[in-house]
Amino acid sequence: MVTADPAQRAGARLRLERVSKSFTREGQSAFAAVRDVSLTVEPGELVTLLGPSGCGKTTTLRVVAGFEQPDEGRVYVGEQDVTDLMVYRRSIGFVFQSYALFPHLTIFDNVAYGLRVRRLPAATIRARVGQVLELVGLPGYERRFPNQLSGGEQQRVAVARAVVVEPQLLLFDEPLSNLDAKLRVQMRAELSRLQRQLAITTVYVTHDQEEAMAISDRIAVMREGVIAQVGTAEELYRTPRSAFVAQFIGRVNLVESRVLGATGGRVAVDLWGASLSVATDDAYAPGQRLFLVLRPESLTLVPESAKATEGEVVVPGVVRSRMYLGEKVEYAVEVAGTLLEALTYDPARRRLFDVGARVGVSCEAASVRALTAESHS
Ligand SMILES: Nc1ncnc2c1ncn2[C@@H]1O[C@H](COP(=O)(O)OP(=O)(O)OP(=O)(O)O)[C@@H](O)[C@H]1O
Ligand SMILES: [Mg+2]
């Protein structure tokens, strides 16, 4: 039976251990699509692989599924090494970008397919298909055909078909990218609810940062076949370990700076001629070059005459553009010859500045993050 009670389901732990996969293209040398990837997804957890096009997300997922054999490394589901198991011997449900439903089969037959392959009794199949269609919000759709369903409904059928066999793992590859923006937001909430309810260990692939942040327990940011950083959305946003991650998760001003002094856990940096003490995990030496991560929402525009308080720097700037977006105002403000992005939320209750205005740009040490120059590439 498909049980909705997580306690009754034992989600499996997925472990990738130093997985690499290269492809040889006609007349070219081997291309490393996935390089030395290690990742653990805890039982019932949803981990998203996030990264730009071509960074190896789908290849990683296909190795987990068994569609690709890794050149190096192992894949474990629970205690079992599944690296050499055929696709159909692994207990995995997939949902792809294209729904890939059988067009000539009814919704019932589409969902029942995996259960028939397993030769379950007809009454059991009927009951389970009914249950999962209910679960994905499509009760009573059994007799329809895929072309009589909207894109969102078809994707729900694809999800029903993946979960009906009670897999140990669920794999999603950009499942929402064919849907329009509004439906995507609605469907991602539904997928998230369903995944939590079933507590099936899940790997989800997307290149949409907001989608990843919305649904994931943890996110693995990938770049050129490598995992750049793994963490919760908040960890990645607040403590990116590289310029790449800082720029990929949210928007950022990267300001080059140098170290004035360093003491345990803090580094004093030069920010526009003022000294600011910033928390860090890295070791720095005086004089060393580094980069500061300044999120747009942590830059506040203040009157030109405003004085800096403790733990804050205020520098003069000029407003170069202003975009009013309702819940926020986006400014481009020029400071020391550089354009910075600054965000003001809740503009109805905040002072706004016009284009051309001379302002103070305030930045608090608490919201600044330091990055070593090496991590800036
Ligand atoms: N069968 C293959 N033969 C040759 N090269 C391949 C093959 N599959 C993938 N690649 C290459 O490996 C790299 C990673 O591809 P992959 O499909 O994993 O990227 P992705 O992160 O899923 O990108 P996207 O967001 O565009 O789907 C790409 O450069 C791709 O061209
Ligand atoms: Mg892909």
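The values are calculated or read from the model by the stated rules, or taken from the named source; none is laboratory data. Since we're looking at a predicted model, the values are computed, not measured. Every residue, glycine as well, gets a Cβ built from its backbone with ideal geometry; the counts of neighbours run over all protein chains shown. Only protein heavy atoms, including side chains, enter the accessible area calculation; ligands, DNA and RNA are left aside. Shrake-Rupley method; radii C 1.70, N 1.55, O 1.52, S 1.80 Å.
Among GLY11, GLY287, GLY250, whose mean-square fluctuation peaks in a Gaussian network model of the chain (Cα, cutoff 10 Å)? Among GLY11, GLY287, GLY250, the largest GNM mean-square fluctuation belongs to GLY287. ILE219 contributes about 0 Å² of solvent-accessible surface, heavy atoms of the protein only, 1.4 Å probe.
Normalised by 2.2 N^0.38 Å, with N the number of residues, the alpha-carbon radius of gyration of segment 252-375 equals 1.08. Taking Cβ atoms as reference points and 14 Å as the exclusive limit, the residues near ASN178 contribute a net charge of -2, counting Lys and Arg as +1 and Asp and Glu as -1. Per atom type, segment 252-375 shows carbon and sulfur on 49% of its accessible surface, probed at 1.4 Å. Using a 1.4 Å probe over the heavy atoms of the protein chains, calculate the carbon and sulfur portion of the accessible area of segment 82-234 as a whole percent. Summing carbon and sulfur atoms, their accessible area is 51 percent of the total for segment 82-234. Between the amide H of LEU120 and any residue lying 5 or more places away or on another chain, no distance stays under 5 Å, with hydrogens modeled in the peptide plane. What relative contact order, as a whole-number percentage, does segment 252-375 give when Cα pairs under 8 Å and 6 or more residues apart are counted? Dividing the mean separation by the residue count of segment 252-375 yields 30 percent. Taking every protein chain into account, the accessible area of segment 6-244 amounts to 47 square angstrom per residue (probe 1.4 Å). Note on segment 128-206: Kirkwood radius taken over Cα pairs, Stokes-Einstein applied at 25 °C and 0.890 mPa s, translational D equal to 190 µm² s⁻¹. With 10 Å bins beginning at zero, the pair-distance distribution over Cα atoms of segment 125-276 amounts to 9, 30, 27, 15, 11, 5, 3, 0 %.
Applying the Karplus parametrisation 6.51 cos²θ - 1.76 cosθ + 1.60 with θ = phi - 60° to the phi angles of segment 228-245, what ³J(HN,Hα) value in whole Hz is obtained for each residue in order, glycine and proline being reported as x? Using θ = phi - 60°, the values come out as 7, 6, 10, x, 5, 4, 5, 4, 5, 6, 7, 10, x, 9, 8, 4, 4, 5 Hz.
Using θ = phi - 60° in the Karplus curve 6.51 cos²θ - 1.76 cosθ + 1.60, the 3J(HN,Hα) couplings for segment 304-310 round to 3, 8, 5, 9, 6, 9, 4 Hz; x is entered for Gly and Pro. Per-residue packing, averaged as other Cβ atoms within 10 Å, sorts the ranges 83-92, 296-305 into the order 296-305, 83-92, beginning with the highest. Given their separation in residues at 0.36 nm each and the Cα-Cα distance between them, THR239 and THR40 gain 69.6 nm when the chain is fully extended. Between the C-alpha center of segment 41-79 and that of segment 180-256 there is a gap of 15 Å. Rounded to the nearest angstrom and listed largest first, the equivalent-ellipsoid semi-axes of the chain from its Cα gyration tensor are 47, 25, 17.
Shape index of segment 55-128: Rg/Rh, with Rg the Cα radius of gyration and Rh the Kirkwood radius from the inverse mean 1/r over Cα pairs, equals 1.05. Per residue, the accessible area of segment 252-375 comes to 50 Å², computed with a 1.4 Å probe over protein heavy atoms only.
Mean sequence separation of contacting Cα pairs (under 8 Å, at least six apart), scaled by the length of the chain, corresponds to a relative contact order of 16 percent. Of the residues ALA33, ALA366, ALA123, the one that moves most in a GNM of the chain with alpha-carbon contacts below 10 Å is ALA123. Sorting the segments 62-72, 20-30 by their mean number of nearby beta carbons within 10 angstrom, highest to lowest, gives 62-72, 20-30. The 3J(HN,Hα) values that the Karplus relation (6.51, -1.76, 1.60; θ = phi - 60°) gives for segment 279-287 are, in residue order, 6, 7, 9, 8, 9, 10, 10, x, x Hz. Gly and Pro appear as x. Full extension of the chain between THR124 and ARG289 yields a length gain of 52.8 nm, computed as 0.36 nm times the residue separation minus the alpha carbon distance. Stretching GLU364 away from ASN178 to a fully extended chain increases their span by 62.8 nm, per 0.36 nm per residue minus the current alpha-carbon distance. Hey, how much of the P(r) for segment 229-282 falls beyond 14 Å, as a percent of Cα pairs? The share of Cα pairs beyond 14 Å in segment 229-282 comes to 59 percent. Our helix-only sum for the chain, with -39,500 (n - 2.57) per DSSP H run of n ≥ 4 divided by its residues, gives a mean residue ellipticity at 222 nm of -6500 deg cm²/dmol.
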